[in-house]
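Input: a single structure, listed below in structure tokens.
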Amino acid sequence: MRMRLERREPLPSWVLVLLPVAAILATLVLSAIPVALAGANVFEAYVALFQGALGSRFNLIETLVKTSPLVFTGLAVAFAFRAKFWNIGAEGQLIAGAIAGGVVGIYGGALPSFLLIPLMLLVGFLAGGLYACIPALLRTHLQVDDVVSSLLLNFVMIYLLSALLFGPLQRPDAGWPVSAEIAEAARYPVFIERTRLHLGIPLALGAVLVVWFLNQKTKFGYQARAVGSNLQAAHFAGIPTNRVIVLTALVSGGLAGIAGVGEVAAVQYKLLTGFSPDYGYTGIVIAMLGNLHPVGVALSALFFGIINVGSQTMSRMVDVPSYISGVMEGTALLVMMVFLLLKDFRLRIERR
């Protein structure tokens, strides 16, 4: 008896839409195993998880705050991956956007808020986008592997941030790497007093709609999908493949850069090292879990936001390690990779 994979017929579109939901449910089932091994009641643990993330107005808002940057980085990776531009550098692009937006926020306090915040978003988008264009140009002109170059550029930007915060951007009276706070006019407006329900959350929802529109309703989206499906065929069909890859990188990095602006303008109010808990890398998992679809990415980001916020309550209530959240995130990626394999192939068992 042997097993082999054979290609299946394309699945209906409604099945593809439900893939992220099925992957999330499968993740919860599989993650019950380490929860049980930790000695907790699985039902009580999951009740605590969802109550900690969604059980009150405060918890729900904190979950949305955690979800907002994950939506942007997930969209950044998904948009790039659809065109087969393997952008592993969303973390560095997020930091680039944060630096650019933070500098504008610190030194642009003379501007009114309705001008300063859009300016921060614009420079953050451009900083992240142009930084993502570096691996795209290296690939299109020098055939440098975009996985390696985009990954290594993350560390360049991390060390650049450290150099700036130990140098020209360091607050004069601070003995550690931190900048001055951004101006009041540069801070995202908060919609409910004494909460953190800030502008970044509706911006993230708007980004989902914009990326969906770009993918489905524009010539550029069609060209990007064609390049991702078959680069050589797209080239012979007259599509300017190099330009499409570079523009894809610009949009992808720009989305990550906006995530960085949001962390400075709505959460930290200053630049500091380690302000991102690997949002850029988590965006890769979210993009894969969301099947590279904007709506799927939004649902996956919300799921990760629930895990990040609710795991703390679960840890306190049922005495399981808080790093169970990391196990669940890794399980989600593995589950979705299996689902994506089974989307295109079926497993056949043959008796010999």
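Every number in this text was worked out from the coordinates using simple rules, so none of it is lab data. Every value quoted in this text rests on a predicted model; they were computed, and no experiment measured them. All Cβ positions, glycine included, derive from the backbone under ideal geometry; neighbour counts span all protein chains shown.
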Taking alpha-carbon centroids only, the stretch 171-209 lies from the stretch 311-335 a number of Å equal to 28
Non-local residues with an amide H under 5 Å from the amide H of Phe345, with H modelled 1.01 Å from N and Pro and chain starts lacking one, are Arg8
Residue by residue through the stretch 316-333, the couplings from Karplus 6.51 cos²θ - 1.76 cosθ + 1.60 with θ = phi - 60°, in Hz, x for Gly and Pro, are 6, 7, 10, 6, 10, x, 5, 6, 4, 4, x, 5, 5, 5, x, 4, 4, 5
Note, the stretch 174-191: 3J(HN,Hα) by Karplus (6.51, -1.76, 1.60, θ = phi - 60°), whole Hz, Gly/Pro = x, goes 9, x, 9, x, 8, 8, 5, 6, 6, 5, 4, 5, 8, 7, 4, x, 9, 8
Rounded to two decimals, the Rg over Rh value of the stretch 289-352 from Cα coordinates and the Kirkwood Rh reads 1.17
Cα-based Rg/(2.2 N^0.38 Å) for the stretch 235-348, rounded to two decimals, is 1.36
About its Cα centre, the stretch 2-350 carries a charge dipole, from +1 on Lys and Arg Cβ atoms and -1 on Asp and Glu Cβ atoms, whose size in debye to the nearest 20 is 900
Amide H proximity to Ala83 below 5 Å, modelled H, separation 5+ or other chain, gives none
With R₀ set to 41 angstrom, the calculated FRET efficiency between the beta-carbons of Arg348 and Leu152, to the nearest 0.05, is 0.50
Asserting the computed 222 nm helical MRE of the chain (DSSP H runs at least 4 long, -39500 (n - 2.57) per run, divided by residue count, to nearest 500) equals -24000 deg cm²/dmol
Nearest-0.05 FRET efficiency for Gln143 and Leu30 at R0 = 45 Å, using Cβ-Cβ distance, is 0.70
Placing each pseudo-label 7 Å from Cα in the direction of the beta carbon, Leu341 and Asp278 end up separated by a distance in nanometres of 2.2
Among Tyr323, Gln223, Ser149, the residue whose Cα sits farthest towards the positive end of the charge dipole of the chain, when +1 is placed on the Cβ of each Lys and Arg and -1 on the Cβ of each Asp and Glu, is Gln223
For the chain the translational diffusion coefficient, Stokes-Einstein from a Kirkwood Rh over Cα pairs at 25 °C and viscosity 0.890 mPa s, in µm²/s, is roughly 115
The longest stretch of the chain containing none of the chymotrypsin sites (Phe, Trp or Tyr not before Pro) that sit in a DSSP loop with at most 16 other Cβ atoms within 10 Å is 1-165
